[in-house]
Amino acid sequence: MIDAPMRETMMSASVTTTYDYVIVGGGVSGQCLAYFLAKELPAASILLIDRDTDPDYNISFWADADIPFQSILSHRWTQIAVRYGDDQRVCPLHNYRLHAFWRADFDSHLHHELTKLPNICFQEANVKSLTDCGDHVEIHTKLGLYKAAWAFDSRLNIAALRQHDPNLMLMQGLAWEIQTTTPSFDPTTATLFDFLVETPEFDFMYVLPYTSTYALVNCAFVTPYDTNIDKTTCEAVLRDYITDRLGIQHYTVAKACYGRIPLTSRPFARHDNSRIIPIGVRGGMVKASTSYAFTRILNDSQSIAHALATTGNPYYRDQRAWYYRWADKYTANIFSRLPKLAQKLMFSMFDPTTGDLSLRFLDERNSLRENQTLFQHIPRPVLTEFLLHLVFPRLR
Ligand SMILES: Cc1cc2nc3c(=O)[nH]c(=O)nc-3n(C[C@H](O)[C@H](O)[C@H](O)COP(=O)(O)OP(=O)(O)OC[C@H]3O[C@@H](n4cnc5c(N)ncnc54)[C@H](O)[C@@H]3O)c2cc1C
């Protein structure tokens, strides 16, 4: 928190507004962080700056504990299926649950919660730049200058990320919520991955059935940055999938959303000596290994708030084992060079007995021993080929 003399100096220097913490970008990560900061540090002043409203899209995630904001969760699944060509595996979940919500519901719920907290202010403005001044940060907007002891930056600019990461990959896709005329889905089982085996990329579909006649069907294409998969292409893929793979002839599209997510292995780094901390996608919360970012964003926000409350500093120790941190560097590369091998590997990890263990692996929480148990389910030639490529990245 800014101490009183410093706050006075900053206030008298010019017509600026000074806060303990400024959060740039009021999207998922910005709002989560504001929420946890306000809870952990009720005496701190927090400013959340955002420039406009965001598009609505569906966010699904898995968790093995209760999460905050329960009321926005529209459904939960206790069983997941994975498919690869004609093979299908159904995995009951014991500790984990798969959840989904719509971004617009999240925004209105969080906005309602945040406006109840007296130490949060909101400002609509386009942030042009942030300057680290050593003992404080200056946040420049058209409306004027804001100062803070710490600033959290979630501005997302895919082109800027690409400049920073030449291997940047994209996940591009379209989700439809469809209503069918006859019972077509098993609402107890969500299809987490249905891998497309005939495309050149690491692509998959997923199906979240809310009832026997209503489901979210999504296609996701993991591609190099330069490959453009437009909405029309996605619509054609979804139509074929629903008819040919799901066997549904009559349905209506109730809701749709198309989007692109950058999957980077080189996010904007956090430097211990910087007062500007990248968060959200900008801070590396979306990765090639799982584009699923919501739980990572939640954990990161809670950890930052807790570190500030206990140490006065927002940096906390990355608790992940070395092999997960190491894999971060290479996964995007493997996905772009060997997409089909990566699909086979992912598929074979899921087995009726390993649903929870596989999700824990994707959450980067398994021990080496647990991963050994998991990898026993992967056919030896697939695992050997994968490990060889991981260790010798130039292998053809
Ligand atoms: C279509 C789509 C589907 C996704 N599905 C899933 C999913 O199923 N599961 C999952 O876990 N994750 C999913 N994600 C990934 C991730 O959870 C979301 O991208 C999430 O919104 C990331 O949060 P964020 O805060 O980093 O970015 P955002 O939520 O996009 O927030 C960034 C904010 O910054 C603001 N901003 C940008 N520039 C400025 C500026 N100059 N000045 C002021 N404000 C600015 C924007 O208005 C925006 O509100 C999905 C993403 C997309 C795009």
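Rule-based calculations on the coordinates, nothing more; no lab input. The shown structure was predicted, so the numbers you read here are calculated from the model rather than taken from an experiment. Quick reminder, even Gly has a Cβ in these numbers, built from the backbone with ideal geometry, and neighbours come from all protein chains shown.
For the reader, a short list of remarks on this structure follows.
- J(HN,Hα) series, region 205-213, from Karplus relation 6.51 cos²θ - 1.76 cosθ + 1.60, nearest Hz, glycine and proline x: 10, 9, 10, 10, x, 7, 9, 6, 10
- Excluding same-chain neighbours fewer than eight residues apart, the lysines reachable from Lys255 by a Cα-Cα span under 23 Å are Lys231.
- The distance from the alpha carbon centre of region 56-92 to that of region 313-390 is 19 Å, rounded to a whole number.
- The distance from the alpha carbon centre of region 15-38 to that of region 185-204 is 37 Å, rounded to a whole number.
- GNM top mover of Val197, Val82, Val217 - the chain, alpha-carbon springs below 10 Å: Val197
- Ellipsoid semi-axes for the chain, based on the Cα gyration tensor and the rule √(5λ), read 38, 24, 20 Å when sorted largest first.
- Whole-Hz ³J(HN,Hα) from phi, Karplus 6.51 cos²θ - 1.76 cosθ + 1.60, for region 76-88, glycine and proline x: 9, 10, 10, 9, 10, 10, 10, 10, 9, x, 7, 8, 9
- Computed [θ] at 222 nm, helices only, for the chain once each DSSP H run of length n ≥ 4 contributes -39500 (n - 2.57): -9500 deg cm²/dmol
- For Ser184, nonlocal amide neighbours, meaning residues 5 or more places apart or on other chains whose placed amide H falls under 5 Å from its own, are Thr213.
- Taking every alpha-carbon pair in region 253-349 and binning the separations at 10 Å intervals from zero gives 13, 39, 30, 14, 4, 0 percent.
- Residue by residue, region 178-190 carries 3J(HN,Hα) couplings of 10, 10, 9, 8, 10, x, 10, 10, 9, x, 7, 10, 9 Hz when phi is fed to the Karplus relation 6.51 cos²θ - 1.76 cosθ + 1.60 (θ = phi - 60°); x denotes Gly or Pro.
- Look at the dipole of the chain built from charges on Cβ: of Met205, Leu114, Asn228, the Cα furthest out on the positive end belongs to Asn228.
- Measuring r between the beta carbons of Asn95 and Cys133 and using R0 = 45 Å, the FRET efficiency lands at 0.45.
- Reachable aspartates and glutamates, given that their alpha-carbon falls under 13 Å from the alpha-carbon of Lys287 and they are not under 8 places away in the same chain: Asp165, Asp328, Asp363, Glu364
- Ellipsoid semi-axes in whole angstrom, largest first, where each is sqrt(5λ) of the Cα gyration tensor of region 183-244: 24, 12, 10
- Among Glu138, Glu385, Glu124, the residue with the largest mean-square fluctuation in a Gaussian network model of the chain, with springs joining Cα atoms closer than 10 Å, is Glu385.
- Expressed to the nearest 5 percent, the antiparallel share of DSSP beta bridges inside region 78-214 is 80 percent.
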